[in-house]
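Here the structure comes first, spelled out in structure tokens, and everything after it is commentary.
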Amino acid sequence: MRTYLRLLWTFFRVSILGELAYRASFWLQIVESLIDLGTALAFISVVFSYTRALNGWSADELLTLIGVYFLIGGTINMIILPGMNRLIEQVRQGTLDYVLTRPEDAQLLVSIQQIDMWKLLDVLLGIALLVGAMLWHGSLPGPLQLLAFALTLLAGAVIIYSFVLFLATLSFWYVRMENILVIFESMYEAGRWPVDIYPSWLRAVLTFVVPVAFAVTVPAEALTARLTWLVLAATLLLAALALLASRLFWRFAIRYYSGASS
Amino acid sequence: MTHLIAVYRQQLKTAIAEQLQYRAALVIWLIEVALGPAVSISVWSTVARNEGGEVNGYNPSGFAAYFIATMLVNYATQTWVFWEFSRRVREGEFSPLLLRPVHPIHADIAQHLAYKMLMLPVIGLVTLLLWLAFHAGFTPSPASLATFLPALLLAFALRFTLEWTLALLAFWLTQVNVINQLYVVVVLFLSGQLLPLSFLPAPLQTVTAWLPFQWMVAFPAQLLSTGLSAQAVLTGFLAQLLWLLLGLGLLTLTWRRGLKRYTAVGG
């Protein structure tokens, strides 16, 4: 475990050093994140000027949901997607060979090899929103709720990671997988709203085809005290299964991989 | 004139051949284009249901019709020129375009038309699916429907002119991405794509009345989904024409000044 953290820190440091050469992108990222946040907040404020609760979600609870959306979205865009996009590139160019020969677990290396550190801003914005929503609501969630929130947040991140890893691993067989990741990105946008407002077919897609529901709605439910024990247990079980399945699939794919270079 | 038609025919042919190389992008575009309206319809239908079935005169099937109509109008009028100009200027791609004996805007118009023609089956499929999934109720009068097509054409001309002028900013600025993003958000709100304009707070409604954006999307979309009174139709056409003339003037002026600034780098 300590090796993993050390590796993560090393990659993060390398990314910081690389990025500091382009300081203008910091300001661009700030403006971009703020535009994103402003759009979301403006839309919500208009919606809540016409209703007091959206399917039972009050304005401050929906703010919590947006906070989770930014938190998870920032994490996905900071670590998960950059690494997976690079993996697809490496498979196509045959440079994955170099990763495989390194003395660390290859899945770990490809998962943290590329970090877009400016997306940390979205993570911070997400946390700020969560705190803001809590202050607005006027009461702190209980320790059990916080624990459930932490667990579901982790489970949501694990489910998304496993899902994206699975898609990226398909590139061992199909070359043009980067488009699939773009589809995933646009589907994630639907997570801005609790999935229970969508018609059942769309909810099913967002739960089981692209698991946005687990990543955003479930943690927000945990924090707003509407999560049942059954859903909590199911989410954790699904996260464990997804991680295991993507791990097995990765091992299987690596054996199939024969290198494209030379 | 025949000369220009020949130019357009050739441009269309090349653009279509080019686009066919990226068939996977069609699927991505299908999902992206369907998801926006699906989310908006779901959100506003939920609001309507929570408030007893109707809000501001819209019920769920009315919302569905409105947002499907805005999706169609947006597809027809949307451009992406302002994302491309900065590269054109920076990498000297303008130089060969300027050497041609026709104004470069024609190549862009032809490229956009080609793309829209190719996407027609995709957008048709999305429309059908959304219509069935959300039980959209279109209620326009025949007269309102008859004015839809001219309104749509004017909306395209207006939006293309304004966005091409916006793109010309790349002659003066090297970083246009932030401006473009702001523009996209403003259009999203004030053209009526995220919500019918009557849902905006009153001060913002006054602002939209003095801006060109509603004539680019909301006006044709309302003609198609709910229909408008004769007077509103007339006002709409007048506003579209006025803004188009203003836009064309602005475009000519900016283009002349920008060309003087342009010094090719590389290319």
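Quick note: the coordinates plus some simple rules give every number you see, no bench work behind them. Everything quoted here is computed from the prediction, not taken from an experiment. Cβ: placed from backbone, ideal geometry, glycine included. Neighbour counts: every protein chain shown.
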Between the helical axis of A:178-188 and the dominant principal axis of chain A, each derived from Cα atoms, what acute angle in degrees is found, rounded to the nearest 10?
-> 10
According to the Cα gyration tensor, what semi-axes, each the square root of 5 times an eigenvalue, does the equivalent ellipsoid of segment A:79-185 have, listed from largest to smallest in whole Å?
-> 35, 14, 13
Relative contact order of segment A:36-149 (C-alpha contacts under 8 Å, at least 6 apart) in percent is 38
Relative contact order [Cα under 8 Å, 6+ residues apart], segment B:2-261, whole percent | 28
Measure out, as a whole number of angstrom, how far apart the alpha-carbon centroids of segment B:124-174 and segment B:194-238 sit.
-> 13
Could you check the simple spin-label distance between B:SER95 and A:ARG92, using points 7 Å along Cα→Cβ, in nm with one decimal?
-> 2.9
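Per-residue mean of other chain beta-carbon atoms within 10 angstrom of the beta-carbon, peptide B:39-47? Intermediate results must be reported in sequence, preceding the final value.
Details: counts 8, 1, 2, 9, 9, 4, 3, 11, 9.
For peptide B:39-47, the averaged partner shielding equals 6.
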Most to least packed among B:175-186, A:213-224, B:3-14 [average Cβ atoms within 10 Å] | A:213-224, B:175-186, B:3-14
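With r defined as the distance between the Cβ atoms of A:ALA225 and A:TRP201 and R0 fixed at 35 Å, what FRET efficiency is calculated, to the nearest 0.05?
Values: r = 28 Å, r/R0 = 0.81.
The value I calculate is 0.80.
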So how do B:LYS260, B:LYS116, A:LYS119 line up by other beta-carbon neighbours within 10 Å, fewest first?
-> B:LYS260, B:LYS116, A:LYS119
With only Lys, Arg, Asp and Glu charged, each at its Cβ (+1 for the first two, -1 for the last two), find how big the charge dipole of chain B is about the Cα centre; round to the nearest 20 debye.
-> 760
For chain B, calculated [θ]222 nm from helices alone, where every DSSP H run of n ≥ 4 adds -39500 (n - 2.57) | -25000 deg cm²/dmol
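With a ≥ b ≥ c taken as the square roots of the eigenvalues of the C-alpha gyration tensor of segment B:155-199, please select rounded if a/c is under 1.5 and otherwise prolate if a/b is larger than b/c or oblate if it is not?
Values: a/c = 4.65, a/b = 1.68, b/c = 2.77.
It is oblate, given that a/c is not under 1.5 and a/b is not larger than b/c.
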GNM of chain A, Cα pairs under 10 angstrom: of A:LEU146, A:LEU20, A:LEU202, the biggest fluctuation goes to A:LEU20
Using θ = phi - 60° and the Karplus form 6.51 cos²θ - 1.76 cosθ + 1.60, what ³J(HN,Hα) does each residue of segment B:33-39 get, whole Hz, x for Gly and Pro?
-> 6, 7, 5, x, x, 4, 5
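What does the structure give for B:195-207 when I average, per residue, the other chain Cβ atoms found within 10 Å of the residue Cβ? Each step should come with its number before you reach the end.
Values: counts 4, 0, 0, 0, 4, 3, 3, 0, 0, 2, 0, 0, 0.
Mean number of neighbouring Cβ atoms from other chains: 1.
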Estimated translational D of the protein assembly as shown in µm²/s (Stokes, Kirkwood radius over Cα pairs; 20 °C; 1.002 mPa s) | 84
What aspartates and glutamates sit close enough to B:LYS13 to cross-link, taking a C-alpha to C-alpha distance under 17 Å and skipping anything fewer than 8 places away on the same chain?
-> B:ASP108
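Add -39500 (n - 2.57) for each DSSP H run of 4 or more in chain A, then divide by its residues: what number comes out at 222 nm, to the nearest 500 deg cm²/dmol?
Numbers: 12 runs with 180 residues, N = 262.
After summing the helix terms and dividing by residue count, I get -22500 deg cm²/dmol.
Order of A:185-192, A:21-28, B:244-251 by packing, highest average Cβ count within 10 Å first?
Details: A:185-192: 19.4, A:21-28: 11.0, B:244-251: 15.8.
The most tightly packed comes first, giving A:185-192, B:244-251, A:21-28.
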Expected vector for segment A:190-205, Karplus 3J(HN,Hα) from phi with 6.51, -1.76, 1.60 and θ = phi - 60°, integer Hz, x for Gly and Pro, equals 5, x, 4, 10, x, 5, 6, 7, 7, x, 4, 5, 6, 4, 4, 4
Wrap a convex hull around the Cα atoms of segment A:4-125, take a quarter of its surface area, and give that in square nanometres.
-> 9.8
May I ask you to derive the relative contact order of segment B:72-214, considering only C-alpha pairs under 8 Å and at least 6 residues apart, and to give it as an integer percent?
-> 39
Can you list the lysines whose alpha carbon is less than 28 Å from that of A:LYS119, not counting same-chain residues fewer than 8 positions off?
-> none
Helix B:230-261: inclination vs chain B longest Cα principal axis, degrees, rounded to 10, gives 20
Connecting every pair of Cα atoms under 10 Å apart in chain B and solving the GNM, the largest mean-square fluctuation among B:ILE109, B:ILE41, B:ILE28 falls on B:ILE28
Using packing as a proxy for protection, rank A:7-15, A:148-156 so that the peptide with the highest average count of other Cβ atoms within 10 Å comes first.
-> A:148-156, A:7-15
Which of B:LEU224, B:ALA157, B:PHE134 sits closest to the plus end of the dipole of segment B:2-261, meaning its Cα is farthest towards the positive end, when Lys and Arg get +1 and Asp and Glu get -1 on the C-beta?
-> B:ALA157
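Taking the Cα centre as origin and putting +1 on Lys and Arg beta-carbons and -1 on Asp and Glu beta-carbons, what dipole magnitude results for chain A, to the nearest 20 debye?
On the way: 16 positive and 16 negative charges, 113 e Å.
Result for chain A is approximately 540 debye, rounded to the nearest 20.
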Average other protein chain Cβ within 10 Å of Cβ, residues B:178-185 = 3
Angle in degrees between helix B:104-134 and the longest Cα principal axis of chain B, rounded to the nearest 10 = 20
With the calculation restricted to Cα positions, what are the radius of gyration and Dmax of segment B:2-261 in angstrom?
-> 19.3, 63
